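Reviewing the structure listed below.
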Amino acid sequence: MSLVGLGRGSSAVRRASGSGPNPGKQSVYSGTSVVPASLEQLKEYLYSLTQDNFKQFGEKFGLMTLSFLTSRPKETTAAASMVLEAAIDSKETTRLGAMVCKAIMYPPESSPEQYASISENFRTKLVGLLQKKYDDKAKIRSRSIEAWLGIFSLLCELYHCFHWSFISKPIMEASRFILNNDDCVDDEVECVCLHLKDIGIFLEEIDPTGVETIVSELRTRVISRRSSEKVRCLCLELIEYRARGYHDNDKGLSNYYLVALQDAIANDETQY
């Protein structure tokens with residue numbers, strides 16, 4: 001899947017109409033020292049990355065970006081904005097987006113020495129742009145739940161990827177923001193559950209009381225039946241997973257809820 005189609009349960013590649021190259025186009029990475037001639041060409045390389053080809057081409061893209069910014073440092077903000085917008089296209093694109101950020105922000109030790117300051121500048125610009133979007137979360141959510149969940153999901157994926165402590169507080173705030181909204185929708189609750197399953201164990205070390213508050217709200221949603229059967233099932237899975245110390249060594253829990261989730265989705269379809 002491409003930067004516009006990566007996520008749990010997603011099998012289709014969603015691409016903006018007429019934008020970006022063919023996600024299967026790997027020939028653009030032939031050669032090891034390609035330097036894009038323009039930001040638009042760099043965007044073409046970006047949108048050629050997929051979950052399947054990232055292992056082969058991700059590091060090359062990171063070095064390519066840093067090489068481009070070495071000769072065009074004034075383009076750093078624009079490049080960071082381009083990567084950010086691709087990453088938050090939807091909640092399904094954010095994991096690959098975080099991997100792209102890592103490739104740019106943490107180049108291999110063997111890369112040119114000047115890349116260190118360029119990658120740090122890129123990180124500063126990207127985090128600043130993401131902060132502005134986060135601060136505007138209420139307005140963004142009112143326009144589009146999907147756009148808001150792209151921002152929330154990228155925060156979680158960046159934390160999962162880098163364990164940046166300064167991101168933990170916004171994640172906790174955003175989770176409460178979601179669950180305390182009177183018009184909270186199932187997609188938001190599902191998003192909280194899926195990400196806490198990945199990063200909850202780390203957030204517990206920083207703010208165990210905050211995590212307990214969020215889990216208590218999820219437990220209340222299960223009891224009060226304020227969400228679909230599918231979402232209540234995901235809430236229960238997270239609650240039980242947390243009770244096991246965020247471990248499922250024998251995969252018994254995952255296997256049980258895999259079946260339970262299928263039944264829940266089927267039941268929801270018959271009810272609606």
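How do the pairs read when you match residues in region 218-239 that are closer than 24 Å to ILE201 by Cα and of a type in the set (Lys, Arg) with residues anywhere that are outside any helix (DSSP H, G or I) and open to solvent by less than 30 Å² (accessible area, probe 1.4 Å), using Cβ under 8 Å and keeping only pairs 6 or more apart or on different chains?
Final answer for the pair search is ARG221/SER227.
Matching residues to (1) modelled with pLDDT of 90 or more; (2) within 24 Å of LEU129 (Cα to Cα); (3) under 13 Å from the mean Cα position of the chain (by Cα); (4) not small (Gly, Ala, Ser):
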site: GLY7; (1), (2), (3), (4): no, yes, yes, no
site: PRO21; (1), (2), (3), (4): no, no, no, yes
site: LEU42; (1), (2), (3), (4): yes, yes, no, yes
site: SER48; (1), (2), (3), (4): yes, yes, no, no
site: ASP52; (1), (2), (3), (4): yes, no, no, yes
site: LEU66; (1), (2), (3), (4): yes, yes, no, yes
site: GLU75; (1), (2), (3), (4): yes, yes, no, yes
site: ASP89; (1), (2), (3), (4): yes, yes, yes, yes
site: ALA103; (1), (2), (3), (4): yes, yes, no, no
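Kindly establish whether LEU154 is assigned to a helix (DSSP H, G or I), in contact (Cβ under 8 Å) with a residue 60 or more places away in the chain and open to solvent by 40 Å² or more (accessible area, probe 1.4 Å).
Criteria not met by LEU154.
Mind counting the residues in region 157-179 that are closer than 18 Å to GLU212 by Cα and surrounded by fewer than 17 Cβ atoms within 10 Å (Cβ to Cβ)?
3
In region 99-138, which residues are β-branched (Val, Ile, Thr) and open to solvent by less than 60 Å² (accessible area, probe 1.4 Å)?
Selection gives VAL100, ILE104, ILE118, VAL127.
Any idea which of (1) outside any loop (DSSP other than H, G, I, E, B); (2) over 23 Å from LEU96 (Cα atoms) is the one GLY245 doesn't satisfy?
Every listed condition holds for GLY245 apart from (1).
Please go through (1) open to solvent by 40 Å² or more (accessible area, probe 1.4 Å); (2) under 22 Å from the mean Cα position of the chain (by Cα); (3) not aliphatic (A, V, I, L, M) for GLU237 and return the number of the only condition it doesn't satisfy.
Among (1) open to solvent by 40 Å² or more (accessible area, probe 1.4 Å); (2) under 22 Å from the mean Cα position of the chain (by Cα); (3) not aliphatic (A, V, I, L, M), the lone unmet condition for GLU237 is (1).
Report, by residue number, each residue of region 141-163 that is farther than 17 Å from VAL83 by Cβ and touching a Ser or Thr at 6+ places or on another chain (Cβ under 6 Å).
GLU146, the sole residue that qualifies.
State whether one or more residues within region 151-163 are of a type outside the set (A, V, I, L, M) and over 15 Å from ALA98 (Cβ atoms).
Of region 151-163, the ones of a type outside the set (A, V, I, L, M) are 152-153, 156-157, 159-163.
Subsequent filtering for residues that are over 15 Å from ALA98 (Cβ atoms) retains none.
No, the conditions are met nowhere in region 151-163.
Of all residues in region 225-272, count the ones that are modelled with pLDDT under 90 and basic (Lys, Arg).
3
Can you give me the number of residues within region 87-98 that are open to solvent by less than 60 Å² (accessible area, probe 1.4 Å), part of a helix (DSSP H, G or I) and in contact with a helix residue (DSSP H, G or I) (Cβ under 6 Å, 6 or more places away or on another chain)?
4
Within region 180-191, track down each residue that is open to solvent by 10 Å² or more (accessible area, probe 1.4 Å) and either part of a helix (DSSP H, G or I) or aromatic (Phe, Trp, Tyr) (or both).
ASP186, ASP187, GLU190
Take the residues of region 50-62 that are open to solvent by less than 40 Å² (accessible area, probe 1.4 Å) and out of contact with any strand residue (DSSP E or B) (no Cβ under 7 Å at 6 or more places or on another chain): which is nearest to SER111 (Cα to Cα)?
Checking each candidate, the answer is GLY62.
With the requirement that a residue be among the small types (Gly, Ala, Ser) and more than 22 Å from HIS163 (Cβ to Cβ), what does region 85-135 give you?
ALA86, SER90, SER110, SER111, SER117
Just checking, does region 63-71 include any residue being in a helix (DSSP H, G or I), of a type outside the set (S, T, N, Q), in contact with a Lys or Arg (Cβ under 9 Å, 6 or more places away or on another chain) and open to solvent by 10 Å² or more (accessible area, probe 1.4 Å)?
no
The values are calculated or read from the model by the stated rules, or taken from the named source; none is laboratory data. Predicted model only: the values in this text are computed from it and were never measured. Glycine gets a Cβ as well: all are built from the backbone with ideal geometry, and neighbour counts include every protein chain shown. Please note that ligands, DNA and RNA were not included when accessible areas were found on the heavy atoms of the full protein model with its side chains. Shrake-Rupley method; radii C 1.70, N 1.55, O 1.52, S 1.80 Å.
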